[in-house]
1. Let's test the formula: R0 of 35 Å, r as the Cβ-Cβ distance of Val36 and Asn71. What FRET efficiency results, to the nearest 0.05?
2. Identify all lysines with a Cα-Cα distance to Lys23 below 29 Å; exclude those on the same chain that are fewer than 8 residues away in sequence.
3. Could you check what % of the DSSP bridge pairs in the chain are antiparallel, to the nearest 5?
4. Rule-of-thumb check for the chain: C-alpha Rg over 2.2 N^0.38 Å?
5. Can you compute 3J(HN,Hα) from phi for each residue in segment 26-40, using the Karplus curve 6.51 cos²θ - 1.76 cosθ + 1.60 with θ = phi - 60°, rounded to whole Hz and x for Gly and Pro?
6. Which of the peptides 48-60, 65-77, 15-27 is most tightly packed, and how do the rest follow, judged by the mean count of other Cβ atoms within 10 Å per residue?
7. What does the charge count around Cys20 come to, taking other residues whose C-beta lies under 14 Å from its C-beta (Lys +1, Arg +1, Asp -1, Glu -1)?
8. Can you tell me the orientation of helix 82-95 relative to the chain, as the angle in degrees between its alpha-carbon axis and the longest Cα principal axis, to the nearest 10?
Amino acid sequence: MRMFLVEHAKVVMKVICPHCREKSTISSSNRISTCVIELYCQCENELCDAGFVMTLAHKHDTRPPKSQIDNVVAELVRRMSSEEKREVMKLLSVIT
Ligand SMILES: [Zn+2]
């Protein structure tokens, strides 16, 4: 399964038949969970004509969502002692 990012963040997936490696069409889908979906596919190669199911799943993040980063920073600040907060403020005043 190959994914291509095209204009305006529209994602087009190209599913390759696992039997003949020719292009296939996604005929329907079945969402198993928020992060997992089954894709029902039909091979376009008339000589193969296989039907099969591929699984599309979220594996891991390459960059966490901004909301998680904000939460991590807020939690770190909450856990800092007063002295640690003063040290951070000194560092920030040097940077800005
Ligand atoms: Zn095929």
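Readers should treat all values here as calculations from the given coordinates under stated rules, not as data from a laboratory. What you see is a predicted model; the values in this text were computed from it and never measured. Don't worry about glycine lacking a Cβ; one is built from the backbone with ideal geometry, like all the others, and counts go over all protein chains shown.
1. Details: r = 25 Å, r/R0 = 0.71.
So the FRET efficiency works out to roughly 0.90.
2. Partners within reach: Lys10, Lys14, Lys59.
3. On the way: 22 of 22 bridges.
In the chain, approximately 100 percent of DSSP beta bridges are antiparallel ones.
4. Working: Rg = 23.5 Å, N = 96, 2.2 N^0.38 = 12.5 Å.
So the chain has a normalised radius of gyration of 1.88.
5. So the Karplus estimates, Gly and Pro as x, are 7, 8, 6, 9, 9, 6, 8, 7, 4, 10, 9, 9, 8, 10, 8 Hz.
6. Values: 48-60: 11.7, 65-77: 10.2, 15-27: 14.9.
Ranking the peptides 48-60, 65-77, 15-27 by packing returns 15-27, 48-60, 65-77.
7. On the way: positive: Arg21, Lys23; negative: Glu22, Glu44, Glu46, Asp49.
The answer is -2.
8. 80
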